[in-house]
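To start, the structure itself, in structure tokens.
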There are 2 protein chains.
Amino acid sequence: MKEELNIFFRIFTTTKDAIEKFINMLDPVIRNAKDDHERLYYHHIYEEEEQRLSRLAELIPLISKFENEKEEKDFSPTNNEFNRLLQELNLEKFGLHNFVEHLDLALFKFTDEARSTLLKQMRDISYQDYQQVKEMLKKINEQFDHAYVDPHAHHDEHHDHLAPPSSLPRVKQSEKKKGFTVGSLI
Amino acid sequence: MKEELNIFFRIFTTTKDAIEKFINMLDPVIRNAKDDHERLYYHHIYEEEEQRLSRLAELIPLISKFENEKEEKDFSPTNNEFNRLLQELNLEKFGLHNFVEHLDLALFKFTDEARSTLLKQMRDISYQDYQQVKEMLKKINEQFDHAYVDPHAHHDEHHDHLAPPSSLPRVKQSEKKKGFTVGSLI
């Protein structure tokens, strides 16, 4: 379990950093939106990612706590804090899934080179991380026959249509960046 | 607390029903999407609401359990199940908030009378329910000085820009419905 916690820590620290870059990218788009619909659309995505950021600010220290302090015996469904950890990880698996889709949606709109390059980079990493989290949690959930039932298990099987990286919308490499610099996003 | 649980039960049962109506409305829109972007956009909202539906399928029986069986003494931060209930309720407060925004976004697109009437109805109820849940949880979180910190409290204060019903996008009452009947949605 220590090894898995190590990977979870890396993945959720990486995605926290990616959210910050993404919402920084959305900020000027919201301020300069051409109408109410566009403003609400990007503001809504901004808020959902901000909610995820707030949850990750609680989850990451909880992962650290188990990674650094807990004994193997604490990884047990009789430990309520461990159950909470599993529950949060299962929730954030879907946070990652939804983030990949937010990035895909943004890739349709932000086709300039600077933004599309950064978005595509984050999209590929998030997609791989989502697959790995899904795989790891599947094994952990099987291993720990705990009381918690993943309410999204059905979703994984029947409605998980995330496209792999190869089928991404094409990035228009030729399109020039529009007043956006990579520096301002990283 | 029994009275609050009663209201939570009503609100989350109502919203569960509303999600089902909403995703039934999205289904043909996804199938008949004009391009990949439109398909991903509605499919993404569909999936987020479906995730919420799965979580509510766990939360509603948990509310019932406390409503019907638990003693006043069980409403305590030393009761782990009660903490879990509070944690889930805090999460679903944001589920409701995001639902209002999904409905607002849909109202920009589905301007025919049948769909806009139903959307507006669900929007008004969800907006009121969100406000009530927020108010009730604020009091409960103060009353029970439990270990759980609402990771979204910051969000409530600084980024909660939900428009009240009066500032909704206008429903074009004149526009005729396009192959959609209210009957197919209810």
Q: Over the whole of A:31-44, what's the average partner chain Cβ count within 10 Å per residue? Rounded to a whole number, please.
A: 3
Q. Listed here are the pairs A:138/B:73; A:34/B:139; A:134/B:139; A:138/B:65; A:21/A:93; which of them are more than 30 Å apart at the Cα?
A. A:138/B:73; A:34/B:139; A:134/B:139
Q | Mean Cα-pair separation over length for region B:11-132, i.e. relative contact order, pairs under 8 Å, 6 or more apart, % | A | 25
**Q.** Identity and axial distance of the chain A residue whose Cβ lies nearest the axis relating A to B, Å
**A.** A:80, 2
Q. For residue B:10, which inter-copy label distances result when the label point lies 7 Å beyond Cα on the Cα-to-Cβ vector, reported in nm to one decimal and in ascending order?
A. 5.2
Q: Partner chain Cβ atoms within 10 Å, averaged over the residues of B:97-108 - can you pull that number for me?
A: 3
Q) Placing a label point 7 Å from Cα toward Cβ, how far apart in nm is residue B:162 from its equivalents in the other copies, listed shortest first to one decimal? A) 2.8
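Within 10 Å of each Cβ of A:52-65, how many other protein chain Cβ atoms are there on average?
Going residue by residue through A:52-65 and averaging, the value is 2.
FYI, it's all coordinate maths here, none of it is from the lab. Every value quoted in this text rests on a predicted model; they were computed, and no experiment measured them. Note that each Cβ is placed from the backbone with ideal geometry, even for glycine, and that neighbours are counted across all protein chains shown.
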